[in-house]
1. Sequence-distant or interchain residues sharing an amide H contact under 5 Å with A:Asn79, placed H: which?
2. Taking the rotation axis that maps chain B onto chain A, which residue of B brings its Cβ closest to that axis, and at what distance in whole Å?
3. Give the relative contact order (percent, whole number) for chain B; include only Cα pairs under 8 Å separated by 6+ residues.
4. If each label sits 7 angstrom from Cα along the C-beta direction, how far apart, in nm, is A:Gln41 from its counterparts in the other copies?
5. On average, how much accessible surface per residue is there in chain A, in Å², for a 1.4 Å probe, leaving out ligands, DNA and RNA?
6. Chains A and B: what accessible area do they bury, summed, in square angstrom to the nearest 100, with a 1.4 Å probe?
7. Rounded to the nearest 10 degrees, what's the angle between the helix B:52-73 long axis and the longest principal axis of chain B, both from Cα atoms, 0 to 90?
8. So if I take the centroid of the Cα atoms in the stretch A:32-70 and the same for the stretch B:89-143, what is the distance between those two points in Å?
2 protein chains.
Amino acid sequence: METSCEFCREAGGRVLWQDALCRVVEPAEAGYPGFTRVILQRHVRELTDLPREEREHLMRVVFAVEEAVRDSMVPDKMNVASLGNMTPHVHWHVIPRYSDDRHFPAPVWTEPRRAAPHRPERDARARELAETMARRLDEAMRP
Amino acid sequence: METSCEFCREAGGRVLWQDALCRVVEPAEAGYPGFTRVILQRHVRELTDLPREEREHLMRVVFAVEEAVRDSMVPDKMNVASLGNMTPHVHWHVIPRYSDDRHFPAPVWTEPRRAAPHRPERDARARELAETMARRLDEAMRP
């Protein structure tokens, strides 16, 4: 626990699923329905600081999340990234991208190219995703 | 093989190591010594399009690369990302980051904040990394 670390102090969004190693949260990123993060429960700086078994478990969760996001959101492309320059506490961004989203084809961290499109059906899909995430993760992570 | 796909047509950099599934390349990104990519040999769009065994193998390579890059480059932070909005052919960016690099703490895809620092010792480390990558990967991927 690092008191200066955002992901040690706060959940980082609405928790959709969690286990002893990590939590899956909906951070509500403006213009990005379905944007999901997988955050390690404890403070670890780099992926390669994790013992192999934990890293493999974490990646199983990340890919189960990617699958759930793809199925619900039907994006044009999936983006998956672990950066942590601002918050050096292991976490993954799992981001459904659309050709008309604010930054496409650039990464979401760049200057926006356009306004967020009005796509109420995507917001509805994101709500469905949030509702089904726990069941989907339980199924995917069953031993 | 997609003739319009950059990573089907070209290696994407100097190949440091490869197996049947993927290749590890040094793309020579300006201002980013040690920047390494792991590129799937065949054309697949999304990570979750890969069968589980192949995805796990690919991630073993990615984390072995991350470990080699960390050991050689001694960065302030590692960044790992699979985006593919421009080139939808599975690949991973493995990027050693420094607090004085062109974009830190922002991702490397944003507008630069400063000129690339003059750090000949990092270029020397990147050369050492390129020379030792094959041996390190052979060791890490030994069954």
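1. Those qualifying (amide H under 5 Å, at least 5 residues apart or on another chain) are A:Ile95, A:Arg97.
2. Smallest Cβ distance to the axis, with its residue: B:Ala81, 2.
3. Relative contact order here is 25 percent.
4. In nanometres, ordered from closest: 4.0.
5. For chain A, the solvent-accessible area averages 46 Å² per residue.
6. For A against B, buried area totals roughly 3000 Å².
7. Taking Cα atoms only, the helix is inclined about 20 degrees.
8. What the calculation gives is 22 Å, centre to centre.
The values are calculated or read from the model by the stated rules, or taken from the named source; none is laboratory data. Computed from a prediction, not measured in an experiment: that's the story for all the values here. Glycine also receives a Cβ, built like all others from the backbone with ideal geometry; neighbour counts cover every protein chain displayed. We work out accessible area using only protein heavy atoms, side chains counted, and drop any ligands, DNA or RNA first. Shrake-Rupley method; radii C 1.70, N 1.55, O 1.52, S 1.80 Å.
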